[in-house]
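Since every read-out is calculated from the coordinates, none of them should be taken as a lab result. Predicted, not measured: the structure shown is a model, and the values here were computed from it. Positions of Cβ are generated from backbone atoms using ideal geometry, with glycine treated the same way; all protein chains shown enter the neighbour counts.
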Amino acid sequence: GAGVSQSPSNKVTEKGKDVELRCDPISGHTALYWYRQSLGQGLEFLIYFQGNSAPDKSGLPSDRFSAERTGGSVSTLTIQRTQQEDSAVYLCASSLAGTATEAFFGQGTRLTVV
Amino acid sequence: DAKTTQPTSMDCAEGRAANLPCNHSTISGNEYVYWYRQIHSQGPQYIIHGLKNNETNEMASLIITEDRKSSTLILPHATLRDTAVYYCIVRSAGSSNTGKLIFGQGTTLQVKP
């Protein structure tokens, strides 16, 4: 597809389970970002990838959160031992290298921890 | 922390121009001003960005003051579908910077019939 694709679009999981969220960036985009948006709140930065490396992980809220990117393309955000406060929409964005280029967002994965 | 200040909410009549202000008094010389909007339950949508010159595209115009400490996003003919939260963001440049977008609380624009 032409845009950033995220899957699943919705995920309901039980407290304590692990979940994986997937992001397919726009082809050729080397920069990839993960954000989290809790209900009624603004977007919170989680992690930034340039290629397969993550030079900025400053937004990950705890060691239960991790992310990887392979082949400079697909990225997976993993949340271990999910808690109810992890419930949020998780958004992915990608852009070309450089900050004078716009970043495009996917439609997000809505995670509900019950 | 977000480096911008925006009004919490604004109203605009349908068909009229919507002018959304943003203050970024601590902006550095190599930082860009970006605008995004988020319509309910959707991912943020890119609108426009600029460094120091005014910019225009099919969606909007961006007016940046000469001292770059503030800017205004102009939607020339607002429609009901422009109702959204509008985010003004200062994005850092430079090879050592990630270019991450730091979102504040934005301005909720309500376009009314």
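Residue by residue through B:101-107, how many Cβ atoms from other chains fall within 10 Å of the Cβ on average?
Values: counts 10, 5, 7, 2, 2, 2, 0.
Mean partner-chain Cβ count within 10 Å for B:101-107: 4.
Name the shape class, rounded, prolate or oblate, that the alpha-carbon gyration tensor gives for the range B:29-105, where a ≥ b ≥ c are the square roots of its eigenvalues, rounded holds for a/c under 1.5, and otherwise prolate holds if a/b is larger than b/c and oblate otherwise.
Working: a/c = 2.36, a/b = 1.32, b/c = 1.78.
Since a/c reaches 1.5 but b/c is at least a/b, the shape of the range B:29-105 is classed as oblate.
Here the label points at A:E44 and A:L96, each 7 Å from Cα along the C-beta direction, are separated by 3.3 nm in the simple model.
For the protein assembly as shown, a simple Cβ point-charge model (Lys and Arg +1, Asp and Glu -1, everything else neutral) yields a dipole of about 180 debye relative to the Cα centre. Beta bridges assigned by DSSP with both partners in chain A are antiparallel in approximately 90 percent of cases.
Sorted from fewest to most neighbouring beta carbons within 10 Å, what does the list B:T4, A:T13 look like?
With the sparsest Cβ surroundings first, the list reads A:T13, B:T4.
The mean count of C-beta atoms from other chains within 10 Å of the C-beta of residues in B:42-52, rounded to a whole number, is 4. Note on A:42-48: average number of Cβ atoms from other chains within 10 Å of each residue's Cβ is 5. Diffusion coefficient (Stokes-Einstein, Kirkwood radius over C-alpha pairs, 25 °C, 0.890 mPa s) for the protein assembly as shown: 135 µm²/s, rounded to a whole number.
Taking N as the residue count of chain A, its C-alpha radius of gyration divided by 2.2 N^0.38 Å amounts to 1.00. Take the Cα of B:A13, go 7 Å toward its beta carbon, and the backbone nitrogen atoms of the range B:47-83 under 16 Å from that spot belong to B:76-80.
Give, as ranges by residue number, the residues of the range B:2-19 whose backbone N falls under 20 Å from the point 7 Å along Cα→Cβ of B:N54. Zone members listed by number: B:16-19.
For the range A:80-105 and the range B:51-83, what is the separation of their Cα centres, given in Å? The two parts, judged by their Cα centres, are 25 Å apart.
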